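The values are calculated or read from the model by the stated rules, or taken from the named source; none is laboratory data. Just so it is clear, the structure is predicted and the values come from calculations on it, not from any experiment. Don't worry about glycine lacking a Cβ; one is built from the backbone with ideal geometry, like all the others, and counts go over all protein chains shown.
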Amino acid sequence: MPISPYLSDLRGRVGHALLLLPAVTAVIRRDDRFLLCRQAHAREWGLLGGGIEPLEKPEDAVLREVREEIGVAATIHGIVGAYGGEDLLVSYPNGDRVGYTTIAYSCSIPVDAELQFTDGALIETGWFTTTEIARLPRDRWVDRIIGDAGRPGGVLAADQMSVVEKAVCYVIAEDRLLVFTHDDTDILATGVQVPAGTVRDDESAAQAAERELFEETGLRGAVTRSLGTEFYDLAPLRDEVALRHFFRLEVVDPEVSAVWQAGEADPATGDSPISWTCRWIPLAQAHVLAGGLGARLGAALR
């Protein structure tokens, strides 16, 4: 949401100096998972929320923030607690400094709700268990609030297992999905895959998806929708957990009958050159995707 006229007027008077602001936080829970979000200017995950407007009731503010940020009507079930202090001291990219005092509300949203980033503040959302949250880069205050909401008096313990962020691409055209299989490796070892790869430090997950699509298939495509995130434990292959960001992408004028070879002449791992064969398979056969790569395919089709 753009800065409110009230806050804009304050900033005009004090510049970037520290402001103490009242706020609200939505703790949205579904079974054992909590809804977290990530803003365009931040790497860390956090909870939905924002400032209270002049003369606005806090409960009205939290409902407004949820509606503005993800386009969904929420239901309030109670107050989790009130929070402040150094953990809620925020420095924004433009230099503004804010110390928030926030009231956290326990909320729910409809199970079939389609989340939409209506005000442009967010770029991603995901549902996570407390164990998964402990593996995420997250705002400092998340643990206190989730700890109180999930198990009174508890705090989240840091999970030391290595987490690597991945982007996964679903390119769909004419009821077919773009996939590939490795040419020189037994299909029992690698399976049927979709374009995917590691998110670099200097790019967003969506940018990584578009890059990986081109590098692995030679096709240029654009992300049309974020489909959410899933954790995938890579053990026993590797002692790490992948946080997968799933996206639907589109390419211009795809030739869905095409079969072509791609590969890497000099893989980053230092191994021998590898090649794979790209093709389009009917969506009805997409259940063959390997290693949890089909986890968000249903969301891509809705």
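A count restricted to the stretch 11-49 and to residues that are on the phi > 0 side of the Ramachandran plot and buried (at least 16 other Cβ atoms within 10 Å of the Cβ) stands at 1.
Remark: Leu227 matches the filter, which requires a residue to be crowded, with 18+ Cβ neighbours inside 10 Å, in contact with a helix residue (DSSP H, G or I) (Cβ under 9 Å, 6 or more places away or on another chain) and in the same structural domain as Leu289 (by TED's automatic domain parsing). May I ask you to verify whether Arg244 is among the basic types (Lys, Arg) and over 24 Å from Ile133 (Cβ atoms)? So Arg244 does not fit the description; no. Checked against the criterion of being of a type outside the set (Val, Ile, Thr), at pLDDT below 95, farther than 20 Å from Val288 by Cβ and surrounded by 20 or more Cβ atoms within 10 Å (Cβ to Cβ), the stretch 184-204 contains not a single residue that satisfies it.
When the test is whether a residue is without any contact (Cβ under 8 Å) to a residue 40 or more places away in the chain and touching a Phe, Trp or Tyr at 6+ places or on another chain (Cβ under 8 Å), Val90 passes it.
Is there a residue in the stretch 11-18 that is assigned to a helix (DSSP H, G or I) and either among the basic types (Lys, Arg) or under 19 Å from the mean Cα position of the chain (by Cα) (or both)? Yes, the stretch 11-18 contains at least one residue that is assigned to a helix (DSSP H, G or I) and either among the basic types (Lys, Arg) or under 19 Å from the mean Cα position of the chain (by Cα) (or both). Just one of the listed residues (Val62, Val111, Val80) is aliphatic (A, V, I, L, M) and surrounded by fewer than 20 Cβ atoms within 10 Å (Cβ to Cβ), and it is Val111.
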